[in-house]
Amino acid sequence: MERRKFLRNTCPTITFAFFGLSFMQACSKSDDDSSSYSSNNSNVIPGNSSGTNAGSSSSTQTNSGIVSSGNNITVDLANSNFSSLSSPGDFINLTSVGVLLLKISSSEFRAFDNCCPHSGSRDDWSYSNQEFTCASHGNKFGIDGNNVVNCGSAATSGDLKTYSTSLVGDSLTITTS
């Protein structure tokens, strides 16, 4: 029996008792982007309240601290939505704009495509030992950019695509091209 069919047909109370909410969330489809962000400490920040499409070429601004215009994404790090980026190694998944944002030091951030090279999922990542791990299948991907693998290519190892960043004060600009 297929996992989704089993879970749909099984009493939710019993399923949650055996597997817990984290199992159900890990099995969600990659396009189930109900939140705009997730981070390594499981904080969920409200989504795009403006109702605009963050992927469009026109400028998109929300009260979330992100402005997206063409290939540039500007993040207001002073916005409370980014308070989880307090120490090196902290990261946040900006699912609304397709970026994993990693704090390297007090003055350096790195940005990566949040699309899993193996399965294409974007919504559940963890980070440790210089690698991001996708929760969909447990595959690990590096951050050095020497062996970049493409989104959804079925690769089980390699490096995530890196985007250039520029920090001026509390304003971080990410260029995705």
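The values are calculated or read from the model by the stated rules, or taken from the named source; none is laboratory data. Keep in mind it's a predicted model, so treat the numbers as computed, not measured. Cβ coordinates were reconstructed from backbone atoms using ideal geometry, including for glycine residues, and neighbour counts include every protein chain displayed.
Exactly one residue out of Ile104, Ile92 is in the same structural domain as Val149 (by TED's automatic domain parsing), surrounded by fewer than 16 Cβ atoms within 10 Å (Cβ to Cβ) and outside any loop (DSSP other than H, G, I, E, B): that is Ile104.
Once the stretch 129-163 is narrowed to residues that are hydroxyl-bearing (Ser, Thr, Tyr) and without any contact (Cβ under 8 Å) to a residue 24 or more places away in the chain, the residue that is surrounded by the most Cβ atoms within 10 Å (Cβ to Cβ) is Thr133. Taking only the stretch 107-119 into account, find how many residues are surrounded by fewer than 16 Cβ atoms within 10 Å (Cβ to Cβ) and either among the charged types (D, E, K, R) or under 13 Å from Leu160 (Cα atoms) (or both). Summing the residues that are surrounded by fewer than 16 Cβ atoms within 10 Å (Cβ to Cβ) and either among the charged types (D, E, K, R) or under 13 Å from Leu160 (Cα atoms) (or both) in the stretch 107-119 gives 1. Counting the residues of the stretch 129-148 that are part of a strand (DSSP E or B), small (Gly, Ala, Ser) and under 16 Å from Leu101 (Cβ atoms) gives 0. Check off (1) touching a Ser or Thr at 6+ places or on another chain (Cβ under 7 Å); (2) not in a loop (DSSP other than H, G, I, E, B) for His118 and give me the number that stays unchecked. Unmet for His118, out of (1) touching a Ser or Thr at 6+ places or on another chain (Cβ under 7 Å); (2) not in a loop (DSSP other than H, G, I, E, B): (2). Checking each residue in the stretch 148-165 for being closer than 20 Å to Phe109 by Cα and not basic (Lys, Arg) picks out Val148, Asp159, Leu160, Thr162, Tyr163, Ser164, Thr165.
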